[in-house]
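Step one of this worksheet: look at the structure below.
The values are calculated or read from the model by the stated rules, or taken from the named source; none is laboratory data. Not measured: the values here are computed from a predicted model. Methodologically, a virtual Cβ is constructed for each residue, glycine included, from the backbone with ideal geometry; neighbour enumeration extends over all protein chains shown. Heads up: the accessible areas ignore ligands, DNA and RNA and are worked out on the full protein's heavy atoms, side chains in. Shrake-Rupley method; radii C 1.70, N 1.55, O 1.52, S 1.80 Å.
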Amino acid sequence: MRERTKISIRRACRLAGVSRTVLGYEPKPNAENEVLTARMVELAHERRRYGYRRLHVLLRREGVRANHKRVQRLYRLAGLTVRRRRKRERLSQPGKPTQNAYIESFNGKFRDECLNEHWFSTLAEARAIAATWRRDYNEQRPHSALGYQTPAQFAALHRSNSSDAAQPEFIV
């Protein structure tokens, strides 16, 4: 504004509704944020299809104390994004397992996170990599539908809850 007109800084700030102290503000670098950003970038390169929410869960598992808003802000500042896939419009027909929404979702994740990431030279190598991905999917990967737990954690919790319910309590 001051470049176009010849008014004082005080008047320009008053017209813009901004405090004059904002003009001289220099953000201080935070070493903790830099370490967190570096770890997020490292995790994002390992797991390219994970957005900030899943990275936040992985960071929490590592003992990092940061809320989701901070993780999202640092994720954006680091220039990390997950490319959006275009949606296919398909009408589901009864008896067509390939048109089941659950299996289609799983197939999409398997394709994005495993098949598109590796170049297989032999069938044995493909089986080994798929088995490793399956173990990771079931034992390490947070699932949003399960409250960001792994399927193994969810199953163990379910088994412990159902075994507690199966044993009746006797009141004397």
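Structure summary
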item	result
Estimated FRET transfer efficiency when R0 is 22 angstrom, pair Asp136-Arg65 (beta carbons, to 0.05)	0.30
Potential lengthening between Gln99 and Gln149 on full extension [0.36 nm per residue; Cα-Cα distance subtracted]	15.4 nm
In Hz, Karplus ³J(HN,Hα) per residue of region 3-10 (6.51, -1.76, 1.60; θ = phi - 60°; x = Gly, Pro)	5, 7, 10, 9, 10, 6, 4, 4
Relative contact order for region 1-120, counting Cα pairs under 8 Å that sit 6 or more residues apart, in percent	18 percent
Candidates per GluC sites (Glu not before Pro) in region 1-88, loop by DSSP, up to 10 other Cβ within 10 Å	Glu3, Glu62
Glu26 accessible area, 1.4 Å probe, all protein chains in place, Å² to nearest 10	140 Å²
C-alpha long axis of helix 68-77 to longest principal axis of the chain, angle in °	70 degrees
Cut-off under 5 Å, modelled amide H: who pairs with His143 long-range	Tyr148, Gln149, Thr150
Gain upon complete extension [Ala156, Val35; 0.36 nm per residue less C-alpha separation]	40.2 nm
Which labelled figure in [x] -0.35, -0.86, -1.26; [y] -0.27, -0.71, -1.18; [z] -0.48, -0.96, -1.31 is log10 I(q)/I(0) by the Debye sum over Cα atoms at q = 0.08, 0.14, 0.19 Å⁻¹, once derived from the coordinates	[z]
Accessible-area composition of the chain, carbon plus sulfur, in percent [1.4 Å probe]	53 percent
Diffusion constant of region 1-93 at 25 °C, which comes from Stokes-Einstein with the Kirkwood Cα-pair radius and 0.890 mPa s, µm²/s	145 µm²/s
Most to least accessible of Ile103, Ile7 (protein chains only, probe 1.4 Å)	Ile103, Ile7
Heavy atoms of Leu58 accessible to a 1.4 Å probe, total area in Å² rounded to 10	20 Å²
C-alpha long axis of helix 123-139 to longest principal axis of the chain, angle in °	70 degrees
Residue of Lys69, Lys28, Lys109 that the Gaussian network model of the chain assigns the largest fluctuation, springs spanning Cα pairs under 10 Å	Lys28
Lysine pairs within the chain, Cα separation less than 21 Å, 8 or more sequence positions apart or different chains	4
In degrees, nearest ten, helix 52-61 long axis to first principal axis of the chain (Cα)	70 degrees
Solvent exposure ordering (accessible area, 1.4 Å, most first) of Arg84, Arg127, Arg10	Arg84, Arg127, Arg10
